[in-house]
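Quick notes on the structure that follows.
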Amino acid sequence: MLLVTAAAGGVAAIFKAPPTGAVSRSSRRGGVSPSARTCQSASHNKGCVILNRDGLRIHLEIFGCVVFGHDVSYVIEGLRHFDQDGFDAWWRPWRDEMATDPLLRYFHKLRTQILKRGGPLHIVEYADDHRPILRYPEPPTEHRGLQVTNTELDHLCSLYLKYMTDLRRYAVTYAWELHERLDTEKAN
């Protein structure tokens with residue numbers, strides 16, 4: 001059973017109801033959680049939200065990954081202030097890759113949707129172990145020239161955060177080299 005929900009600000013979600021008898025952390029008595037049971041029994045499901053504590057946690061973690069992961073590039077771009085030409089030469093390959101890589105473009109688009117509209121349409125499915133899985137429409141199937149076969153959002157986030165972590169590591173190296181060069185120039 002799919003449940004269509006609507007929340008404040010026009011954010012919508014489609015939820016695939018948990019399997020019958022699913023035990024959630026919010027419902028240790030067994031069966032479907034009370035919020036899901038209410039949604040399933042509602043005649044028209046308007047405004048129905050079945051995100052239990054686990055689903056909300058996952059939802060917020062993904063939003064954090066999308067929004068704050070992208071902020072890494074904004075912080076790095078602040079280095080331009082100290083050496084525009086050198087920074088632009090160092091930054092160009094990273095910027096070009098971010099502009100063309102399907103996974104990175106996907107997260108850029110998600111960030112825009114989250115900040116401007118509160119988030120995109122998403123689907124919650126339940127795995128065999130009854131954990132919620134969030135999926136957004138049209139996930140990327142390629143990253144850095146390699147095929148991405150697992151399109152679960154938590155996996156896509158892990159790929160995105162690994163990329164942003166690598167970018168940060170290279171930026172720190174660049175920043176130290178820049179600092180040493182500027183100190184040497186200042187001393188002379």
> Is there any pair linking a residue in region 163-188 that is loosely packed, with under 13 Cβ neighbours inside 10 Å and in a helix (DSSP H, G or I) to one that is modelled with pLDDT under 95 and of a type in the set (Lys, Arg), with Cβ under 9 Å and at least six apart or on different chains, and which?
Replying inline: none
>> Being over 19 Å from His155 (Cβ atoms) and at pLDDT below 85 is the requirement here; does Ile58 meet it?
In response: no
>> Quick test of your reading of the structure: Leu159 fulfils all but one of (1) modelled with pLDDT of 90 or more; (2) exposed (fewer than 13 other Cβ atoms within 10 Å of the Cβ); (3) in contact with a strand residue (DSSP E or B) (Cβ under 8 Å, 6 or more places away or on another chain). Name the failing condition by number.
In response: (2)
> In the list Val75, Val67, which residue meets the criterion of being modelled with pLDDT under 95, surrounded by fewer than 15 Cβ atoms within 10 Å (Cβ to Cβ) and within 19 Å of Leu182 (Cβ to Cβ)?
Replying inline: Val75
>> Take the conditions part of a helix (DSSP H, G or I), charged (D, E, K, R) and either over 23 Å from Thr141 (Cβ atoms) or in contact with an Asp or Glu (Cβ under 7 Å, 6 or more places away or on another chain) (or both) and apply them to Glu97. Does it pass?
In response: no
> Does Ile114 fit the bill of being at pLDDT below 90, within 18 Å of His155 (Cβ to Cβ) and surrounded by 15 or more Cβ atoms within 10 Å (Cβ to Cβ)?
Replying inline: no
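The values are calculated or read from the model by the stated rules, or taken from the named source; none is laboratory data. Predicted, not measured: the structure shown is a model, and the values here were computed from it. Heads up, the Cβs are rebuilt from the backbone with ideal geometry, glycines too, and the neighbour counts pull from every protein chain shown.
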